[in-house]
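Structure first, then comments.
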Amino acid sequence: MTDDTYTPPRVWKWDAESGGAFSQINRPIAGPTHEKELPVGEHPFQVYSLATPNGVKATIMFEELLAKGIKEAEYDAWLIRITEGEQFGSGFVNANPNSKIPAMMDHTHTPAVRVFESGSILLYLAEKFGEFLPTDIVARTETMNWLFWQMGSAPFLGGGFGHFYAYAPEKFEYPIDRYAMEVKRQLDVLDRHLAESEYFAGDEYSIADMAIMPWYGSLVMGMIYDAAEFLQVQEYKNVQRWTAQIYTRPAVQRGVKVNRTFGAPENQLRERHDATDFDTKTQDKLEAAK
Ligand SMILES: N[C@@H](CCC(=O)N[C@@H](CS)C(=O)NCC(=O)O)C(=O)O
């Protein structure tokens, strides 16, 4: 133990100046901070998101459905800048009372149905269109096992490891060590399963793969937290094989660009309202960056 260990007071108080990458938006209370309606485009589905690992699960699913020729899955994707507190606008809070991206409205119903939590969005669309969720009870259950595994496990990667390794204002050995151990254990869980199985639910690509790839695939590709060497991600050969297989799918390549505001300009499509946006608007970004 070091000299600067913390003794919690009897009652926790909100210190708005606590620092760290998200200190400006973190609050101990829910609900809206300001009035702001959400925009609504012309398509049946309206997505409100940002291209974080949670956000791209939804846009990957839409692009996969469209790639199958399902025109009814057309969508508008609007940008929600979470570092600017746009998730606390009244319209967004109506779509997701938890103020987290991604959120979605299905306007094929009157009134429109709200869908929040990335896992709920994936399941809703899979059931609505009868795709990427096996009907056989064994394969369907295995899909759900891994879908729910992702929802329960990724907070240890993002909120635990990622927060203390990359975002916290100071580095402390205890939390980094604890969460590095847990993330390596999780990677080993995935690696052992993928040694036996092509995809998470067997030989069919499913919503479980779409949920897990943006977190654990991005981690083993060194795309999040700059932690590839620290976690020795090259050891997880089966996760590497599966990631390469998924990441090269054209629909995945499109989905990860939607609502992206960071990284290479040619990979940023801030809003998506039409399939041709990928050709024109990302190209504009490339030109602007020259
Ligand atoms: N369990 C949620 C997690 C969503 C989530 O944590 N979203 C983050 C971005 S990756 C967010 O919106 N953060 C804004 C905030 O915390 O205020 C899901 O899977 O949809």
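Looking for something part of a helix (DSSP H, G or I), under 14 Å from the mean Cα position of the chain (by Cα) and farther than 27 Å from residue 129 by Cα - is there at least one such residue anywhere in the range 219-241?
So far as the range 219-241 goes, yes, one or more of its residues are part of a helix (DSSP H, G or I), under 14 Å from the mean Cα position of the chain (by Cα) and farther than 27 Å from residue 129 by Cα.
Exactly one condition in (1) more than 29 Å from residue 129 (Cα to Cα); (2) over 14 Å from the mean Cα position of the chain (by Cα); (3) not small (Gly, Ala, Ser) is not met by residue 193; state its number.
Only one criterion is unmet by residue 193, namely (1).
List every residue pair whose Cβ atoms sit under 8 Å apart, with the two residues 6 or more apart in sequence or on different chains, where the first one lies in the range 137-158 and is under 20 Å from residue 53 (Cβ atoms) and in a helix (DSSP H, G or I) and the second, anywhere, is hydroxyl-bearing (Ser, Thr, Tyr) and within 11 Å of the ligand (Cβ to nearest atom).
151/118
I'd like the full set of residues that are within 10 Å of the ligand (Cβ to nearest atom), in contact with a helix residue (DSSP H, G or I) (Cβ under 6 Å, 6 or more places away or on another chain) and part of a loop (DSSP other than H, G, I, E, B), limited to the range 51-90.
Listed by number, the list holds a single entry, 80.
Which of the residues spanning the range 63-81 are surrounded by fewer than 16 Cβ atoms within 10 Å (Cβ to Cβ) and under 18 Å from residue 107 (Cβ atoms)?
71, 72
Can you find, within the range 115-139, the residue that is nearest to residue 31 (Cα to Cα) among those that are away from the ligand (no atom under 16 Å from the Cβ) and surrounded by 14 or more Cβ atoms within 10 Å (Cβ to Cβ)?
This residue is 128.
Tell me yes or no: at least one residue of the range 106-114 is within 10 Å of the ligand (Cβ to nearest atom), at pLDDT 95 or above and over 25 Å from residue 146 (Cβ atoms).
For the range 106-114, residues within 10 Å of the ligand (Cβ to nearest atom), at pLDDT 95 or above and over 25 Å from residue 146 (Cβ atoms): absent.
The values are calculated or read from the model by the stated rules, or taken from the named source; none is laboratory data. Since we're looking at a predicted model, the values are computed, not measured. Positions of Cβ are generated from backbone atoms using ideal geometry, with glycine treated the same way; all protein chains shown enter the neighbour counts.
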